[in-house]
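S.K.: Okay, handing you the structure first.
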Amino acid sequence: MSFFNSLSGRVLLALVLGLGLGAALQSAGLSGAWLVSTAEAVGGIWLGGLQMTVIPLVLALLVVGVAAVSDAMSAGRLTARAIGWFVGLLVVTIAVTLMAYPLVLSIWPVDPVSAASLLVGSAGAEAPPPPQAIEFGAWLRSLAPTNPVTAAAENAVLPLVIFALFFAFAITRLAEPKRALLVGFFDAVADAMIVIVNWVLKVAPIGVFALALTLGLRGGLGSTGALLHYVVLISSGCILVAVAAYPLAAVFGRVPLGTFARAIAPAQVVAFSTQSSLGTLPVMVERAVDFLHIPERVAGLVLPLAVAIFRMTSPVANLGVVFFICHVSGIQPTVAQMIAAGVVAFAVSISSVGLPGQVSFFVSISPICLAMGAPIELLPLLLAVEVIPDIFRTVGNVSADLAVTTILNRGEQVVAPDNA
C-alpha cells in the first residue's frame, strides 16, 4: 500500500485505470466525441501547467549550476580532477548514446500498431512535418541568438542554453556582492518554478488519468506494447551504465573486478530500494572507505560532489526518452538536431541534479525534446511508467560514482609521492 501512497504509485495507478476504462468504453461503443475532447482538454491543461515552467526553470538552474561548479573548481586540485572526470565521462557517454539509440531502435523497432495507438492518444499531438535539410553554416549562426527573449518565446532551446551558459560564466567573474545577488535571484526563481511544478504534480494523477483515458478511448489497449518497449529500452540503457562502471574501476582505478563488485553490491541494493543517490551516500562512503580502502578524505570529498553535480545515467536515459518519442512519432532527427540535443542533455544533466524525480523528468527531457524537434505531449504518459527505469537510473549513478572515486583515488596515490 505504501507504494500507491507515493506520487509515482498514484500516477501509475491513474495510467492503468484511465487506459483500462477508456479501452472498456471503446469496446462498448461508448467513446463519444464529447468524452474524448473533454478528457483531452483536461490532460492538455495539466500538461500546459508543466510546460510554462520549463524555460525559466532551465535558465535559472543553469545559472545556479554553473555557479556551483565554479565554486567547486576553486576548492582544490582533487575537486578539479573530479569535475574533469565527470565532464569527460558525460561527453563520451553522450556521444555513444547518440549513436547507439538510433541503431538499437532500427534493429528493435516499436510495433507500428502499438506506436500509432500511443501517439494517437497524446493530447494535442499532431503528425510531425517531414525533416528538412539544414545548411550547416546557418545552423552554426543560429546558435548565437540575437535576441534571447525571442529564442525563449520560440522554444529555440539550444541558443537559449548557450546564452544561459555564457551569462552564467560571466556572473562567476563579477565581484562577490554582485555575483551573490544574481545567483541568489536565479536560485529564488528556480525555487519558485519548482513550487509551481510541485503544485501541478499534486494533481498529476488527474492529468495522467485524463491523458490515459484519451489514449484508451482512441486506441484501446494497443499502446501497452509501446509502453513496455519504452520501459525495457530506458532501463537497459541505465543498466549498461552500471555495467560500464566495472571496467572503469578495473582499468583506470586498478581495482580487481571481483573486489569492486563485492564492495559496491550493498550500495546498489540500497540504491535499488530507495531510488535516491543522496539516500545511498552514507553506504557509498562506508563501502569506499572500509572495503575499497579509499582514504576518507578522498571518499568524503568525491562522493558528495558526485551526488551533487554528476549523474552519468541522466543523458543516457533522457536522450533515450527523446529518441523513443521521435521513433514512435515518425520523426527522423538530423545530425544537427542530435548534436543540439546532446549539448542540451549535457547542460541539463548538471543543472537539474538534486531535483525531485518527477520534477527533473520534465525539466531534463522537455528541453531535449525541443532541441530535437520531438513533441512533448507523450511525456506525462511516460512519466507514469518511469518508476521502473528510475530504479536503474539510481543504480547506474551509484555504480558510476564509486567507479570514478576509485579512479581519483589512484590518481591521488600516484601524485602524492611527487609532492613529498
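S.K.: Do we find that residue 325 is crowded, with 18+ Cβ neighbours inside 10 Å and either of a type in the set (Ser, Thr, Tyr) or assigned to a loop (DSSP other than H, G, I, E, B) (or both) in this structure?
M.R.: no
S.K.: Hey, any hits in segment 236-257 for a residue that's touching a Gly at 6+ places or on another chain (Cβ under 8 Å) and on the phi > 0 side of the Ramachandran plot?
M.R.: No, every residue in segment 236-257 fails to be touching a Gly at 6+ places or on another chain (Cβ under 8 Å) and on the phi > 0 side of the Ramachandran plot.
S.K.: Can you name the residue in segment 258-287 that is among the small types (Gly, Ala, Ser) and modelled with pLDDT of 90 or more and is also farthest from residue 401 (Cα to Cα) among such residues?
M.R.: Filtering first and then ranking leaves 258.
S.K.: Considering (1) out of contact with any Lys or Arg (no Cβ under 9 Å at 6 or more places or on another chain); (2) modelled with pLDDT under 80; (3) surrounded by fewer than 24 Cβ atoms within 10 Å (Cβ to Cβ), say which one residue 412 fails and leave the rest.
M.R.: (1)
S.K.: Check residue 66 against each of (1) within 20 Å of the chain's Cα centre (by Cα); (2) surrounded by fewer than 20 Cβ atoms within 10 Å (Cβ to Cβ); (3) at pLDDT below 80; (4) more than 30 Å from residue 207 (Cα to Cα) and name the one condition it does not meet.
M.R.: (2)
S.K.: List the number of the failed condition for residue 264; all other conditions in (1) part of a loop (DSSP other than H, G, I, E, B); (2) farther than 30 Å from residue 373 by Cα hold.
M.R.: Only one criterion in (1) part of a loop (DSSP other than H, G, I, E, B); (2) farther than 30 Å from residue 373 by Cα is unmet by residue 264, namely (1).
S.K.: Further question: Filter segment 252-275 down to the residues that are buried (at least 16 other Cβ atoms within 10 Å of the Cβ) and polar (S, T, N, Q), then identify the one that is nearest to residue 308 (Cα to Cα).
M.R.: For segment 252-275, the residue satisfying everything is 275.
S.K.: Looking at residue 53, is it modelled with pLDDT of 75 or more and surrounded by 16 or more Cβ atoms within 10 Å (Cβ to Cβ)?
M.R.: Considered against the rule, which asks whether it is modelled with pLDDT of 75 or more and surrounded by 16 or more Cβ atoms within 10 Å (Cβ to Cβ), residue 53 comes out as yes.
S.K.: Determine whether segment 294-305 contains at least one residue that is over 24 Å from the mean Cα position of the chain (by Cα), surrounded by fewer than 18 Cβ atoms within 10 Å (Cβ to Cβ), modelled with pLDDT of 90 or more and among the charged types (D, E, K, R).
M.R.: The initial filter retains those residues of segment 294-305 that are over 24 Å from the mean Cα position of the chain (by Cα), namely 294-301.
Narrowing further to those that are surrounded by fewer than 18 Cβ atoms within 10 Å (Cβ to Cβ): 295-297, 300.
Next cut, modelled with pLDDT of 90 or more only: none.
So far as segment 294-305 goes, no, none of its residues is over 24 Å from the mean Cα position of the chain (by Cα), surrounded by fewer than 18 Cβ atoms within 10 Å (Cβ to Cβ), modelled with pLDDT of 90 or more and among the charged types (D, E, K, R).
S.K.: When you go through 314, 349 one by one, which is the residue that is hydroxyl-bearing (Ser, Thr, Tyr), over 14 Å from residue 95 (Cα atoms) and not in a loop (DSSP other than H, G, I, E, B)?
M.R.: 349
S.K.: Being surrounded by fewer than 22 Cβ atoms within 10 Å (Cβ to Cβ) and modelled with pLDDT of 85 or more is true for just one of 330, 354. Which residue is that?
M.R.: Of the residues listed, the single one that is surrounded by fewer than 22 Cβ atoms within 10 Å (Cβ to Cβ) and modelled with pLDDT of 85 or more is 330.
S.K.: Being surrounded by 19 or more Cβ atoms within 10 Å (Cβ to Cβ), under 19 Å from residue 318 (Cβ atoms), at pLDDT below 80 and out of contact with any Phe, Trp or Tyr (no Cβ under 9 Å at 6 or more places or on another chain), is that true of even one residue in segment 85-99?
M.R.: Within segment 85-99, not a single residue is surrounded by 19 or more Cβ atoms within 10 Å (Cβ to Cβ), under 19 Å from residue 318 (Cβ atoms), at pLDDT below 80 and out of contact with any Phe, Trp or Tyr (no Cβ under 9 Å at 6 or more places or on another chain).
S.K.: I need the full set of residues from segment 167-207 which are free of Cβ contacts under 8 Å to residues at least 40 places away in the same chain and farther than 20 Å from residue 366 by Cβ, in order please.
M.R.: Within segment 167-207, 170, 173, 174, 175, 176, 177, 178, 180, 181, 184, 185, 188 meet the criteria.
S.K.: For segment 123-130, does any single residue satisfy the condition of being over 21 Å from residue 320 (Cα atoms), at pLDDT 60 or above and crowded, with 18+ Cβ neighbours inside 10 Å?
M.R.: no
The values are calculated or read from the model by the stated rules, or taken from the named source; none is laboratory data. Just so you know, these numbers come straight off a predicted model, no measurement behind them. In this analysis, Cβ positions are derived from the backbone assuming ideal geometry, glycine residues included, and neighbour counts consider all displayed protein chains.
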